[in-house]
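Accompanying notes for the structure given below.
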Amino acid sequence: MNRFILFVPLVGFTILAGLFFLTIDRKDKDVLPSPLVGQPFPEFEMVSLETGEVVTRDDLLGKRALVNVWATWCPTCKAEHSFLNLLAAEGIRIYGINYKDEERKAIQWLASYGNPYRWNLSDTNGQLGLELGVYGAPETFLLDSRGIIRGRHVGDLNARVWSTLEPEFESLP
Amino acid sequence: MLTEAYGALSSIPEFGQLALIMAFVVAVFQTVVPLWGVHRNNTLMMAYARPLAAAQALFLLVSLVVLAWCFVVDDFSVTYVATNSNSALPTPFKISAVWGAHEGSLLLWVALLGCWGVAVALFSRSLPLDMLARVLGIMGLISTGFILFTLETSNPFARTLPSVPSEGGDLNPLLQDFGLIVHPPTLYMGYVGLSVVFSFAVAALLGGRLDAAWARWSRPWTTAAWIFLTIGIALGSWWAYYELGWGGWWFWDPVENASLMPWLVATALMHSLAVTEKRGLFKSWTVLLAIIAFSLSLLGTFLVRSGVLTSVHAFASDPERGVFVLALLGICVGGSLLIYALKAPTVASVGRYDWLSRESFLLMNNLLLLVAAFAILLGTLYPLLIDFLGMGKISVGASWFNVMFVPVSVMLTLIIGIGAVSRWKTDQTKRLGRELGLAAVAAPVLGIATPLIVSGELNGQVILGIGIASWLILASLLDVWKKCRGQLQRIPSLSLSFNGMILAHIGVAVTVVGVTMVANYSQEESVRMSVGDSHTLGDYRFEFVEAGQIRGPNYHADAIRFRVYDNDRLIGELMPEKRRYTARGSVMTEAAIDVTLFRDLYVSMGEPLENGAWGMRIQVKPFMRWVWLGTIFMALGGLMAMFDKRYRQPRRSAPSPSAIAEATA
């Protein structure tokens, strides 16, 4: 047997490790098909991050809205935050799910970068995220006025992404 | 409760941290001193390996106990306790909350690594000192890396000072369950146990003694780790089945895949070690498997925490941790593969074997297990790769894994049947035909008969599944019959490792039966029901008797009492619950399950509807228990093989001719 062959596992592993290293900070940037599209947003009863009051699924109803999953540990969320502020200023309803995060850090974050959300849920242990099939933060769900999930975007929202999502969002009841 | 004023904070958590730092220092010594001793041929320094391993384990256990203590006394000044516990949490769950999230489970991981180190120090009296020093030195190196990782990026003893919360955030309700008390430690024991085999392999490579003695030392450790992995995976599947509330038992989630891959490779390794020990063949292959098995268990444990792969029930990922984990993986896996490339023997092994022999069947089994493991690895990493190459997004669903995994399992099951009865070196088709002819005829008959009896119509999957399972069971039983020469009372006097092998192989068949039946004959319906309603599914009638409320220690629950009738005979009551945990306001579905050996009746609550009605999910799952029963057989079989007397005999540095002659397993 040639010693050369014995290097094959090492080479394979090096390629794999290189791939890991290059993808370590990448987040999925495009729309993932979600089995939840067309389904009602899951029932929940959780406390609001800002006020500590109980919010439920009923508080999402009435007007089309975005539900944004974010966390302070996620650098991409920081990148998308100013764009969310912009959308909120245009009058678009955005609800936040603060995902697997620490409340203190989250409140501080909203105080320093501005708060585009109507309200935020603290999903500290990721329970709601589990039900939503959240893949990583940030993610954004498009909801119609009856609380049905109409679309899902994985990765940050920005002007380019929004130019494709906006027509879809504006057409929702 | 922490009742003292801020100034009177308990300092116990600091002792936990101090113990962890001490463990780190000891681990550094455990790496340096024995390995330097080997280098300088200094017996005294080599002899330090044992006491250092014991000291390291002691400090790690102190650290773990301190963390558990912080949970038990509700010390919410510790951030990790405050995020994962609550004063209303029952005490057993407070203890299991120690490994309920990233930091604590990492501490558990390193503590178990320390325990395996002590086990090696204790049960290796007959190991040559330089080998022992190398093994424990390498284990010390692994410890050093992972304790440093814990201290640097994931310290479980960090405090929330100066403002100490008065109440904790509670443990994730999904994890408040018996299954989660036992599942992670068992699985981690398996993962970490593979580090022993890994260390033996690297030590043998470094020392240039990749021989039958090395294989003999490695075998019981491999089997021990494999037993823990087997039970750990089965517990995880069982937990998901009753706790997630939808009756599935395997989801091909990255975290599950992460546990299955090392299991498959460890299975291959156990068999390959047998060939290396008995026949001195496949040395380079076996040592590579030992490295791959531990690498995959590292990859599995840590990839989901690094931000490279995300799973819905993963830990919050953090790029800083990711880089650290990658560096550790690079050193462990890359380093060992480099040593392998430089040191593995290139000379062809001396022994010869025919294509029709036990060696070839074991080799085929090895290749199939590796194919299965790499198919899963590929499926887990494929989305990442495709995305990286800019070829778009894909999700690899359960169907892909099933397409890959099922054919391989079928072939494996067929080969186990032949391989286990075949002879070393060379065998004859005629002899194998005589041994297995009966099984080969009876298996297809049983396979075809089963679907006809159960449902009255033929079903290809059932014929195949039951056919191969019958083949394996019959082949194993015929083998026993032959070995005990038709006298059943002689079975106990056959070697433990032979009986263990038979039991484990029958376990595989039992699991195959369970999977086949559940996949093909489960019945499931979602129905709207209110008080007094009945719903019939298969032979069973489910009667909605009453709905009410239950108050638990840290939750309120809606509950429904069902009576279940088998045709008209009352067979029991089932009470599914929907719990709302007060601390987080999160809702959990508690399924109610009526269990017998041949079917599970599974009732879980969906959404409340108007007028007191509920959406109910009712399932009848035949042979569900067999899926896990098979794994229990496998684990027991492994246990028997591990306690075979030849591992307890005073060991020789090379197997004597009699050891080769006694070859059975």
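The values are calculated or read from the model by the stated rules, or taken from the named source; none is laboratory data. Nothing here was measured: the structure is a model prediction, and the numbers come from that model. Cβ sites come from the backbone with ideal geometry, for glycine too, and all protein chains shown count toward neighbours.
May I ask you to verify whether B:TRP238 is of a type in the set (A, V, I, L, M, F, W, C) and in contact with a His (Cβ under 9 Å, 6 or more places away or on another chain)? So B:TRP238 passes the test.
Has the range A:90-101 got at least one residue that is touching a Cys at 6+ places or on another chain (Cβ under 8 Å), outside any loop (DSSP other than H, G, I, E, B) and within 13 Å of another protein chain (Cβ to nearest Cβ)? No, the range A:90-101 contains no residue that is touching a Cys at 6+ places or on another chain (Cβ under 8 Å), outside any loop (DSSP other than H, G, I, E, B) and within 13 Å of another protein chain (Cβ to nearest Cβ). Scanning the range A:121-148 for residues that are more than 14 Å from chain B (Cβ to nearest Cβ), polar (S, T, N, Q) and crowded, with 18+ Cβ neighbours inside 10 Å turns up just one, A:THR140. If the condition is being in a loop (DSSP other than H, G, I, E, B) and either touching a strand residue (DSSP E or B) at 6+ places or on another chain (Cβ under 9 Å) or crowded, with 17+ Cβ neighbours inside 10 Å (or both), then the range A:43-55 contributes A:GLU43, A:PHE44, A:LEU49, A:GLU50, A:GLU53. When the range A:149-164 is filtered for residues that are aliphatic (A, V, I, L, M) and surrounded by 17 or more Cβ atoms within 10 Å (Cβ to Cβ), the ones remaining, listed by number, are A:ILE149, A:VAL154, A:LEU157, A:VAL161. Considering only the range B:166-190, state which residues are within 16 Å of B:LYS94 (Cβ to Cβ) and either more than 9 Å from chain A (Cβ to nearest Cβ) or free of Cβ contacts under 8 Å to residues at least 24 places away in the same chain (or both). Listed by number, the residues that qualify are B:GLU167, B:GLY168, B:GLN176, B:ASP177, B:PHE178, B:LEU180, B:ILE181, B:VAL182, B:PRO184, B:PRO185.
Among the conditions (1) part of a helix (DSSP H, G or I); (2) assigned by TED's automatic domain parsing to the domain that holds B:ALA53; (3) charged (D, E, K, R), the only one that B:ARG125 does not satisfy is (1). Kindly evaluate A:GLU80 against the criterion of being crowded, with 20+ Cβ neighbours inside 10 Å and either within 12 Å of chain B (Cβ to nearest Cβ) or without any contact (Cβ under 8 Å) to a residue 24 or more places away in the chain (or both). So A:GLU80 does not fit the description; no.
May I ask you to verify whether B:ASP566 is under 18 Å from B:TRP246 (Cα atoms), acidic (Asp, Glu) and at pLDDT 90 or above? I'd like the intermediate steps shown before the answer.
On the way: under 18 Å from B:TRP246 (Cα atoms): no; acidic (Asp, Glu): yes; at pLDDT 90 or above: yes.
No; evaluated as a whole, the condition is false for this residue.
Just so you know, in the range B:300-324 the residues that are part of a helix (DSSP H, G or I) and within 9 Å of chain A (Cβ to nearest Cβ) include one that is modelled with the highest pLDDT, and it is B:VAL323. Report yes if A:ILE94 is out of contact with any helix residue (DSSP H, G or I) (no Cβ under 9 Å at 6 or more places or on another chain) and farther than 23 Å from B:LEU384 by Cα, otherwise no. Taking the combined requirement at face value, the residue does not satisfy it. The combined condition, being surrounded by fewer than 23 Cβ atoms within 10 Å (Cβ to Cβ) and in contact with a strand residue (DSSP E or B) (Cβ under 7 Å, 6 or more places away or on another chain), is fulfilled by B:SER77.
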